[in-house]
């Protein structure tokens with residue numbers, strides 16, 4: 001199973017509020033990130049490395065990821 005996870009307080013709130021333009025701006029400003037994690041291919045340690053230091057997270061669907069990518073430079 002594949003998951004997309006946004007890490008960071010501001011980006012998590014923007015995902016919850018479905019503000020895709022803000023999500024893209026936060027990614028561009030290095031104020032959070034979205035990590036893809038595939039349970040069949042990736043090691044959990046890779047996911048945990050990304051999670052260190054972030055206090056908040058939110059799951060991002062594939063369709064939401066497409067919306068976000070429309071705003072990324």
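The values are calculated or read from the model by the stated rules, or taken from the named source; none is laboratory data. As the structure is a computational prediction, the values presented were derived from the model and not from experiment. With ideal geometry, Cβ positions are generated from the backbone for all residues, glycine too; neighbour counts draw on all protein chains shown.
Values for this structure:
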quantity: Failed condition for residue 23, given (1) closer than 12 Å to residue 59 by Cα; (2) outside any strand (DSSP E or B); calculated: (1)
quantity: Matching residues in the range 52-73 - criterion: being touching a residue at least 12 places away in the same chain (Cβ under 8 Å), loosely packed, with under 14 Cβ neighbours inside 10 Å and over 12 Å from residue 4 (Cβ atoms); calculated: 55, 70, 72, 73
quantity: Members of the range 23-51 found to be crowded, with 17+ Cβ neighbours inside 10 Å and under 14 Å from residue 12 (Cβ atoms), listed by number; calculated: 23, 26, 27, 32, 34, 35
quantity: Scope the range 36-55; condition modelled with pLDDT of 95 or more and touching a helix residue (DSSP H, G or I) at 6+ places or on another chain (Cβ under 8 Å); matching residues; calculated: 37
quantity: Complete set of residues in the range 1-20 that are touching a residue at least 12 places away in the same chain (Cβ under 8 Å), out of contact with any strand residue (DSSP E or B) (no Cβ under 9 Å at 6 or more places or on another chain) and in a loop (DSSP other than H, G, I, E, B); calculated: 18
